[in-house]
């Protein structure tokens, strides 16, 4: 078991550092329950991570704003690279408690981002601009000290412009990704430790260069804006 965990950790680190056209961000599954509730979360992975926020406008309608920022040094086949991703998205959706401690949610959103890979040995730079629209369904247990559940995201990703050293490569790629993500938060409402682990799988195989794993460890806080 210990060996399996070591291999998994090294695999996650390797795939998070490699150069990809698409890096999936973590899931924002806040498990909101009432109006004016707000959640802020930070998920760290490598040198960067996710910044997630959610706010309940009514007792059943919520909005989100999320960022994913990565800037990671890596060595591939003896060549040093700096790889990364800058991505911002917004979403809106529905939430409701269905049983004591059980919450379901559904969100629709979209965002824009740029991935890059800088060859530090010869100075070559590859950038890819992409857009994403997605649907996400969450179900989870929310208690005073532990939140746990699963988010499933269906994302359409369109990598519409790739440049190498400023020259357009005339590459247009798109794919549909299925991304199930387990999430866990432990601690009091005002300060929880959170973790996420999931996978990203391209259904059409039209974008072959993407990070297959989703993993982060961070903190979050939940509070009410009611006056």
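Just to check your reading of the model, which residue among 226, 163 is under 27 Å from residue 59 (Cβ atoms) and either at pLDDT below 95 or in contact with a strand residue (DSSP E or B) (Cβ under 7 Å, 6 or more places away or on another chain) (or both)? Please lay out each step first, then the result.
Working: 163 fails: under 27 Å from residue 59 (Cβ atoms).
The conditions single out 226.
Would you pick out the residues in region 35-54 that are surrounded by fewer than 18 Cβ atoms within 10 Å (Cβ to Cβ) and touching a residue at least 60 places away in the same chain (Cβ under 8 Å)?
35, 36, 38, 40, 42, 44, listed by residue number.
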Are any of the residues in region 57-79 part of a strand (DSSP E or B), in contact (Cβ under 8 Å) with a residue 24 or more places away in the chain, in contact with a helix residue (DSSP H, G or I) (Cβ under 7 Å, 6 or more places away or on another chain) and crowded, with 21+ Cβ neighbours inside 10 Å? no
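The values are calculated or read from the model by the stated rules, or taken from the named source; none is laboratory data. Being a predicted model, the structure only gives us computed values, none of them experimental. In this analysis, Cβ positions are derived from the backbone assuming ideal geometry, glycine residues included, and neighbour counts consider all displayed protein chains.
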